[in-house]
């Protein structure tokens, strides 16, 4: 199968998108697009500036893969986990999955007209951005329930695929799937090249992320751990079995739910963990508490020019999402976790730059 | 690391067992022990007699891996799932995990003396085999709750490791971990050699099976899907995080729970599924319902001389566990699933033979 390197989701037909996603070679995709002249060919992290963060990654890989090192880790134990929103791709101004759920409301309301006069659906349908921004958590949960459940697992995958093809981020006017961080794609590939299994461990929906994880990160669906609802087995009128997505939460994969989800889905403690918010704290603590060499990293959003700035460093404003509190910053500094400054550590932010 | 090929769990020290399990190369273990003279070196299934079952496996692998075949499956989609009890190892006279739970009761009662005078613990402690055999499902659930939950995930792993080292199957007087089916070990390896990811999908406890799956089957913990309870994150008095196994069932991985568990834990429909009882029916149906070439196989226990005989074929007596009903047999025959006769299709049953 051939692909135009820069097409991402935008240049491919709907059929190709829906049928071909999982068939793409795991190593195709934007993370192979290094600028030809940027660095020596042997630098595995060409989009990283020299500094403590880049060095921490290089040192960790050397220590855990050199058989002569005290920190050597057997290949089958090499597990690395990555938060997604704000760690692997942009999470502002709202989570991509939330953008999907809001965009999906008109289609759901067309099928279930009784929702049109009921809040919070009436507000979403009004198109009043300010009112939508003011929706409460219970409101959002109602929206998630009707847009993420009730359909077969295949229908769900199709709906997301169609949306990803056409939706654009308001700031860059590009598909959300292009707004991945080039330096992190390099880390994913560098770790895999050194025998690590890379996992996403996200507070977002497991089934949502699985739709595109293989194409944009090279991470197969079975290595995506996320908040997960039940899928109920049943038969259609012809006796053909199918699975329906249910509004029953099995795993709330955020905060303490992240190490709990890692145990459920992986069953091994990671050697490397990357996050960017208080929702990743327990995952980093659980990773750090294991013996041997462990890599603990937090992405700090301090680059309003190239991306966004929100968090504790140098008095950045707090954000409703992706909260990187001063307490988390202090815990990182106290325990020797590495804070990645997007502004200082990253030469490039996006593959398309 | 060197290992005596036939040691399994019996010949290794407790420390080596507990610390080294996951560090063993994935392809070591009993499934590499082929008799040198049994077959031509090119036969990937030397313990299988020629026949429809062996041929179905060979045909499936050829059809799904030959790039010129209409049934070709992209490597990253090659998922094969295996029930464990009665499919990969012996499940009679009781499930190995049940044997563990019963054996664990005295240790639990020593820690919690109040249990000694309470049923069903009093019956188990009495050693009256007939009374133990008559315990009801609610009784067994109480025993499972106290023996499988309440401890940290590491303590649980240690306790099982110690038990596996010393426990012996009553019929063969060998460690349970040696009572694996040599023909199925060959299938696992043959599929892996052809790019398949092999998963266990068991009604048994996920954490239980994960302790030994890598050593005896070459299947890593992250590829074990089983009935799973919650693991709760917390901190000890020194602030060190830990996970405690909770008596809260997240996934009842049997019957309809098997395809549901496959969706939760893998997120892809398998191309091959192996089972041996009504608990595997929905998993086989879900596998069969996908497009393309799919392999559906059921192990029939019809060999009382070399193993056990229970099930519908030729009027075999029914069994309380591993129920292979006449209805399942009829469904298999009607839908072209392959029934494996242990008596006729398997040249050898165990690696130690």
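The values are calculated or read from the model by the stated rules, or taken from the named source; none is laboratory data. Please read these numbers as outputs of a predicted model, since none were measured by experiment. Because the Cβ atoms are built from the backbone with ideal geometry, glycine has one as well, and the counts that use them run over all protein chains shown.
Condition check ((1) more than 14 Å from chain B (Cβ to nearest Cβ); (2) at pLDDT 95 or above) across all residues:
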site: A:33; (1), (2): yes, no
site: A:39; (1), (2): yes, no
site: A:42; (1), (2): yes, no
site: A:57; (1), (2): yes, yes
site: A:60; (1), (2): yes, yes
site: A:64; (1), (2): no, yes
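Does region A:187-195 contain at least one residue that is closer than 30 Å to residue A:233 by Cβ and out of contact with any strand residue (DSSP E or B) (no Cβ under 6 Å at 6 or more places or on another chain)? Checking region A:187-195: not a single residue is closer than 30 Å to residue A:233 by Cβ and out of contact with any strand residue (DSSP E or B) (no Cβ under 6 Å at 6 or more places or on another chain). Restricting attention to region B:125-167, the residues that are part of a loop (DSSP other than H, G, I, E, B) and surrounded by 13 or more Cβ atoms within 10 Å (Cβ to Cβ) add up to 5. Scanning region B:53-93 for residues that are assigned to a loop (DSSP other than H, G, I, E, B), surrounded by 17 or more Cβ atoms within 10 Å (Cβ to Cβ) and under 24 Å from the mean Cα position of the chain (by Cα) yields B:78, B:83, B:84, B:86, B:87, B:88, B:90, B:91, B:92.
Return yes or no: is residue A:262 crowded, with 22+ Cβ neighbours inside 10 Å, assigned by TED's automatic domain parsing to the domain that holds residue A:200 and farther than 25 Å from residue A:351 by Cβ?
yes
The residues of region B:265-280 that are buried (at least 20 other Cβ atoms within 10 Å of the Cβ) and either assigned by TED's automatic domain parsing to the domain that holds residue B:153 or in a helix (DSSP H, G or I) (or both), listed by number, are B:265, B:279, B:280.
Residue under question is residue A:268, and the condition is that it be touching a residue at least 60 places away in the same chain (Cβ under 8 Å) and within 8 Å of another protein chain (Cβ to nearest Cβ); does it hold?
Yes, satisfied.
Residues in region A:185-197 include at least one that is surrounded by 21 or more Cβ atoms within 10 Å (Cβ to Cβ), within 14 Å of chain B (Cβ to nearest Cβ) and over 21 Å from residue A:91 (Cα atoms).
From the list B:111, B:186, B:178, B:130, the one residue that fits, being over 30 Å from residue B:59 (Cβ atoms) and touching a residue at least 60 places away in the same chain (Cβ under 8 Å), is B:178.
Please determine, by comparing only the residues of region A:239-256 that are outside any strand (DSSP E or B) and within 8 Å of another protein chain (Cβ to nearest Cβ), which one is surrounded by the fewest Cβ atoms within 10 Å (Cβ to Cβ).
Let us first name the residues in region A:239-256 that are outside any strand (DSSP E or B), namely A:239-240, A:252-256.
Filter once more, so that each one left must be within 8 Å of another protein chain (Cβ to nearest Cβ): A:240, A:256.
Working: A:240: 11, A:256: 20.
Here the residue is A:240.
Per this entry, residue B:228 is counted among residues that are more than 27 Å from residue B:327 (Cβ to Cβ), in contact with a strand residue (DSSP E or B) (Cβ under 6 Å, 6 or more places away or on another chain) and without any contact (Cβ under 8 Å) to a residue 60 or more places away in the chain.
When you look at residue B:351, is it under 21 Å from residue B:171 (Cα atoms) and buried (at least 18 other Cβ atoms within 10 Å of the Cβ), yes or no?
The answer is yes for residue B:351.
Entry remark, region B:154-207: residues being within 16 Å of residue B:79 (Cα to Cα) and not assigned by TED's automatic domain parsing to the domain that holds residue B:244 number 0 in total. Across region A:283-307, the number of residues qualifying as buried (at least 23 other Cβ atoms within 10 Å of the Cβ) and within 11 Å of another protein chain (Cβ to nearest Cβ) comes to 4.
For residue B:330, the stated conditions do not hold, so it cannot be described as more than 10 Å from chain A (Cβ to nearest Cβ), out of contact with any helix residue (DSSP H, G or I) (no Cβ under 6 Å at 6 or more places or on another chain) and part of a loop (DSSP other than H, G, I, E, B). Of all residues in region A:198-216, those satisfying the criterion of being assigned to a strand (DSSP E or B) and away from chain B (no Cβ under 11 Å) are A:198, A:200, A:201, A:202, A:203, A:204, A:205.
Mind checking whether some residue in region B:217-232 is within 8 Å of chain A (Cβ to nearest Cβ), closer than 21 Å to residue A:290 by Cβ, in contact with a helix residue (DSSP H, G or I) (Cβ under 7 Å, 6 or more places away or on another chain) and in a helix (DSSP H, G or I)? Checked against the condition, which is being within 8 Å of chain A (Cβ to nearest Cβ), closer than 21 Å to residue A:290 by Cβ, in contact with a helix residue (DSSP H, G or I) (Cβ under 7 Å, 6 or more places away or on another chain) and in a helix (DSSP H, G or I), region B:217-232 yields at least one hit.
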